[in-house]
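These notes are about the structure you will find just below.
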Amino acid sequence: MRERLAALFADEGDARAAARSSRPPAHHVAVRIRLDPGSRTPVSVQLREALAARIASGRLAPQERLPPVRELAERLGLAPNTVAKAYRELESTGLLVGRGRLGTFVADEVPAVTHDRDASLAAAARAFVRRARQLHVPTERALEAVREALSHRSSR
């Protein structure tokens with residue numbers, strides 16, 4: 001059984017991705033996903049579950065733009081219909097929002113399953129703390145940023 005490891009989203013500075021696309025590079029963090037073509041689980045389901053997990057954990061943030069279907073299909077070595085199917089299924093669950101030619105985005109408000117809510121919140125908090133530490137932000141300033149974000153209703 002051969003596993004395939006492919007880059008899902010390009011770094012902002014990824015010149016190869018920019019060269020393949022006439023669009024400016026997206027502002028995404030690098031996310032890797034494992035797809036196992038030898039698995040009994042269809043690749044579209046593997047992709048859907050991987051994206052859903054990244055949304056639930058906060059690694060894909062609300063309003064973050066996903067790559068176009070064809071671009072992601074090319075990067076992962078999949079048929080465009082396979083990626084489109086995963087996107088459609090995530091749209092039907094409310095995790096993604098299609099905005100026509102503007103692209104596909106992570107929903108502003110992600111429906112949370114009650115038992116997953118605490119785990120998702122903890123994962124998002126850990127991701128925030130990692131980023132704050134990378135930026136060398138003092139704890140009090142990081143907490144202040146969280147309070148500011150929570151107080152802004154327009155950010156929802």
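The values are calculated or read from the model by the stated rules, or taken from the named source; none is laboratory data. In this text, all values refer to a predicted model and were calculated from it rather than measured experimentally. Here the Cβ positions follow ideal geometry from the backbone for every residue, glycine too, while neighbour counts run over all protein chains shown.
Worth a mention:
- Test for residue 33: is it at pLDDT below 90, assigned to a helix (DSSP H, G or I) and either more than 19 Å from residue 120 (Cβ to Cβ) or not aromatic (Phe, Trp, Tyr) (or both): no
- Test: residue in segment 136-148 that is modelled with pLDDT under 95 and surrounded by 17 or more Cβ atoms within 10 Å (Cβ to Cβ): no
- Verdict on residue 46 being in contact with a Leu (Cβ under 8 Å, 6 or more places away or on another chain) and without any contact (Cβ under 8 Å) to a residue 24 or more places away in the chain: yes
- Selection count where residues are of a type outside the set (Asp, Glu), free of Cβ contacts under 8 Å to residues at least 60 places away in the same chain and under 22 Å from residue 121 (Cα atoms), scope segment 58-105: 13
- Test for residue 71: is it among the charged types (D, E, K, R), out of contact with any helix residue (DSSP H, G or I) (no Cβ under 6 Å at 6 or more places or on another chain) and loosely packed, with under 15 Cβ neighbours inside 10 Å: no
- Residue count for segment 93-102 satisfying the condition of being over 14 Å from the mean Cα position of the chain (by Cα) and either under 24 Å from residue 36 (Cβ atoms) or among the charged types (D, E, K, R) (or both): 3.
- Identity of the residue in segment 16-28, surrounded by fewer than 15 Cβ atoms within 10 Å (Cβ to Cβ) and in a loop (DSSP other than H, G, I, E, B), that ends up modelled with the highest pLDDT: 27
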